[in-house]
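Comments concern the structure below.
The values are calculated or read from the model by the stated rules, or taken from the named source; none is laboratory data. Remember, predicted model here, so these are calculated numbers, not experimental data. Cβ coordinates were reconstructed from backbone atoms using ideal geometry, including for glycine residues, and neighbour counts include every protein chain displayed.
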Amino acid sequence: MLVCTPLAPLGSLAPALWLIVARAGGLLALAACALLAAELAPRRLRAVAGAVAAGALLVAGLNFHLWGTSFAGSVWQGNSEGLLTACVVGALLCHRARRLAWALALGVAAALLRPEAWPFLGAYAIWLWRERSSLRPWIAGGLALVPVLWFGAELWGSGQLFRGAERAQAITPDNPATTQGAAHAVLSRSRPYVLITVQVAVVVAVASAAAGLIARRWRWPERGRGDSAADAAVVALGLFGAAWLGLVALMAQLRIASGNPRYVLLAVAVAAVLGGVGVARIAAWAGGLVRAREQLARAIAAAALCAGLVVSALPQLRGIDRDVKHLRYEASLDGALASATRRAGGRAAVLACGTPVTGPLSVTALAWRLDVPIRRIALAPGRGTVVFRAAPTLDDTPAPATDAPGPRIATSGGWTVSGACAG
């Protein structure tokens, strides 16, 4: 989430501003997915495709067993997945409109959010280098900017080049990267994100597009009707979504990244777009079967399909209550951390007591409250440490696993502060 770095000089305003940016990114992602689905759908059913795509993304993962991994929950929590989706899908829209410079800029922005975007940006840069020679200086500058800002910001903030990768793998014990079959864990956990009805529509969209391309290649006019560019884009989009999911799984297997379920949300967004296209194509086929009342048949088929999707999404909506409870808990925990710091004597007293220690998910929050670099926050209790211990979510046990040697100094909300302080 390197794009939040410029907000750091704004002090206490930075967290609120970042939440605004992250949540606005989520809204832009919904709009971008709806627009892309509409572009790739049959002309008279574009509104249906866009609505299905946005709806499928909005409910994605709401009934998932891990908190913060639904699209809506992740965006509301302030994670970067909404911005990432907006950048990538926006780049695809710009590319289709031949706004190649904007597509490159959005690709660079995506690469600054997730390293999985790097190989895709590299492949696009190679194609663009040959396609548009006037953009070569910008291509070279954009590619150079990514490692400089990615590793430079990490080094500046933590003093270590690879701290993010190390901490990501240690966040929770059930991360895929901590399991023996990490790749299988990523793939199996990703399946519940997308409604089964949407999965069927995705298969219909990609299979029909591939069939159309093959038919036109072999000059079968009675089967090769349709938009060649749209069919090619649908197939390419399906391959991209599969490649992104596979890359997340591979990086988890190689212990390069944690395989956190929210890392696959971009692939879920691609599935939502393709699901919208698939529903529109099914409705178009239904209309074609009734030549006399084709438009009416299309409308009835589209309404029936959308109603079926809504019914299949109802179980997902049960996850909203859980997400709200988690959000309220994390908000109360953040407020209680400020109170726990005050009750422990304030910043100066805590730092004089010893090295601050907390759980991996609370490092940034504690560093912010104590106004110290994150490299000053340790993870392991021991002699000469002051430990801030709490359960980071309702699903987790308190972290770190043990208190510091010494008495309990303060409590507030879900926090306990302990350490052996002189005096």
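Here are a few things to note about the model shown:
- Identity of the residue in region 150-201, modelled with pLDDT of 65 or more and hydroxyl-bearing (Ser, Thr, Tyr), that ends up nearest to residue 256 (Cα to Cα): 178
- Failed condition for residue 393, given (1) under 24 Å from residue 73 (Cα atoms); (2) in contact (Cβ under 8 Å) with a residue 60 or more places away in the chain; (3) part of a helix (DSSP H, G or I): (3)
- Only one of 367, 344, 340, 348 that is free of Cβ contacts under 8 Å to residues at least 12 places away in the same chain and crowded, with 18+ Cβ neighbours inside 10 Å: 367
A quick yes/no check of all residues on (1) in contact (Cβ under 8 Å) with a residue 24 or more places away in the chain; (2) within 23 Å of residue 22 (Cβ to Cβ); (3) surrounded by fewer than 23 Cβ atoms within 10 Å (Cβ to Cβ):
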| residue | (1), (2), (3) |
| --- | --- |
| 76 | yes, yes, yes |
| 90 | yes, yes, no |
| 96 | yes, no, yes |
| 115 | yes, yes, yes |
| 134 | no, no, yes |
| 141 | no, no, yes |
| 150 | yes, yes, yes |
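- Just one of the numbered conditions (1) assigned to a helix (DSSP H, G or I); (2) surrounded by 15 or more Cβ atoms within 10 Å (Cβ to Cβ) is not true of residue 321: (2).
- Residue list for region 345-366, restricted to those being closer than 19 Å to residue 391 by Cβ and not hydroxyl-bearing (Ser, Thr, Tyr): 356, 357, 359, 360, 361, 363, 365, 366
- Residues of region 347-367 satisfying the condition of being more than 18 Å from residue 414 (Cα to Cα) and either outside any helix (DSSP H, G or I) or of a type in the set (Ser, Thr, Tyr) (or both): 354, 355
- Scanning region 378-402 for residues being over 26 Å from the mean Cα position of the chain (by Cα) and surrounded by 19 or more Cβ atoms within 10 Å (Cβ to Cβ) gives a total of 7.
- On the stretch given as region 14-35, residues that are more than 18 Å from the chain's Cα centre (by Cα) and under 26 Å from residue 276 (Cβ atoms) total 1.
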